Amino acid sequence: MTQMPLYFDYAATTPVDERVIQAMVACLGQNANFGNPASTGHAYGSQARLAVEQARRQVGELVGAQADDLIWTSGATESNNLAIKGVAYASAPGRRHIVTSCLEHKAVIDTVRVLETEGFDVTWLVPDSQGLIQPQAVREALRDDTLLVSLMMINNEIGTLTDIARIGEIVRDHGALLHVDAAQATGKVAINLAQLPVDLMSFSAHKTYGPKGIGALYVGARARPALQAQIHGGGHEQGLRSGTLATHQIVGMGSAFALAGAQMEEETRRIAALSDRLRSGLLSLPGVCLNGCGQQRIPHTLNLAIARSGFNAMSLSASLALSSTSACNSANAAPSHVLVALGLTPEQALGSVRISLGRYTQPQDVDRALEVITAALTAPAALW
């Protein structure tokens, strides 16, 4: 059997935690909790509904939200679509300006571009030299007709952390709504929606050791009357997202978020130590520098520009599973739009590498990654 490479692509997806799998299996099969959560007229449906609502509370506890403010979706992409389109299509004719950035995930960028073709006016913020969207840039972009600001909490490619608290205050004082894509943030940084001035926030299970195909959207009090459903057919989820609830996936997300909350501090400390070891070792190599801010970031994701002619992250794929961009860009072999926005040329972007660490990364894995990358960058040029 072919040996699999060491996994350093946690920003793309995480393996489902074995404890989460056990919780999900308990919702599958004839003798399990398989009922339709909407069929509350009998015990099967009622038990499933209880499991769904427990999971909703578990997600809420991790992010400081009331359970009733969380709407189940199929993932962060759908959550982003519901938040952005849902607000846009419910807007008044005189309020059709949206502010976002060119650093966002394609689930936000492509959604906003669709609205742009439909007559919405969009301001595309550009990052500073450190790859950050500064609060002052948001302030300057706001207009009398601004409806919505949509920014990610943690960038999925370079790991930078946006000052959502300050931006939220600015947006709220202006009277607009703030949507935050937090797919990369859960289990990595503290989130308290009881205090953060955020109106809509998107979550994904599979970035936090839960299953793919399930996510949630936080809908705060200011956003609720301004949000229009995008999927119809039964009035599920308070009329905002119709469709039979996938009990096993929802229970998986709840279990994953509960585990994330219980071990976030210890896990982040461990990953930070491994990340520091990897970062210092790689930055000591010739022609290697960090993409994005070195301080305002999470330790889990490193993005490195490698000035070596012909270097491509895929050349390491036999030993290390990592990437040069996000999964959505990898599908068409395009250079990272995030790195290009930071000022890198397409060639420099394709020569960069994203290394993301996670729950199962071990010290020996970091040592091996350093060994492989060092060997690649110190090999004679002819070998390329």
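The values are calculated or read from the model by the stated rules, or taken from the named source; none is laboratory data. Values in this document were obtained by computation on a predicted structure and should not be read as measured data. So basically every Cβ, Gly included, is an ideal-geometry build from the backbone, and we count neighbours across all protein chains shown.
Odds and ends about this structure:
- Residue count, segment 67-123 (criterion: farther than 21 Å from Ile133 by Cβ, out of contact with any Pro (no Cβ under 9 Å at 6 or more places or on another chain) and hydrophobic (A, V, I, L, M, F, W, C)): 7
- Of everything listed in (1) closer than 18 Å to Thr123 by Cβ; (2) buried (at least 18 other Cβ atoms within 10 Å of the Cβ); (3) touching a residue at least 40 places away in the same chain (Cβ under 8 Å), the single unmet condition for Asp145 is (2).
- Segment 208-222: number of residues that are buried (at least 24 other Cβ atoms within 10 Å of the Cβ) and assigned to a loop (DSSP other than H, G, I, E, B): 4
- Pairs are defined by a Cβ separation below 8 Å, a sequence spacing of at least 6 or placement on different chains, a first member in segment 110-133 that is on the phi > 0 side of the Ramachandran plot and surrounded by 20 or more Cβ atoms within 10 Å (Cβ to Cβ), and a second member that is at pLDDT below 95 and assigned to a loop (DSSP other than H, G, I, E, B); the pairs so defined are Gly131/Leu342.
- Enumeration of residues in segment 211-243 that are in contact with a strand residue (DSSP E or B) (Cβ under 7 Å, 6 or more places away or on another chain) and charged (D, E, K, R): Arg222, Glu237, Arg241
- Evaluated against (1) over 23 Å from Ala190 (Cβ atoms); (2) touching a helix residue (DSSP H, G or I) at 6+ places or on another chain (Cβ under 7 Å), Leu103 falls short on exactly one condition, (1).
- Subset of segment 199-222 [closer than 21 Å to Ala176 by Cα and among the aliphatic types (A, V, I, L, M)]: Leu200, Met201, Leu217, Val219, Ala221
- Neighbours by Cβ (under 9 Å, 6+ apart or cross-chain): first from segment 341-361, on the phi > 0 side of the Ramachandran plot; second among the small types (Gly, Ala, Ser): Gly343/Ser129
- Residues within segment 27-46 that are free of Cβ contacts under 8 Å to residues at least 60 places away in the same chain and either within 22 Å of Phe203 (Cα to Cα) or part of a helix (DSSP H, G or I) (or both), tallied: 4
- With respect to (1) touching a residue at least 24 places away in the same chain (Cβ under 8 Å); (2) farther than 30 Å from Ala341 by Cβ, the lone exception for Arg270 is condition (1).
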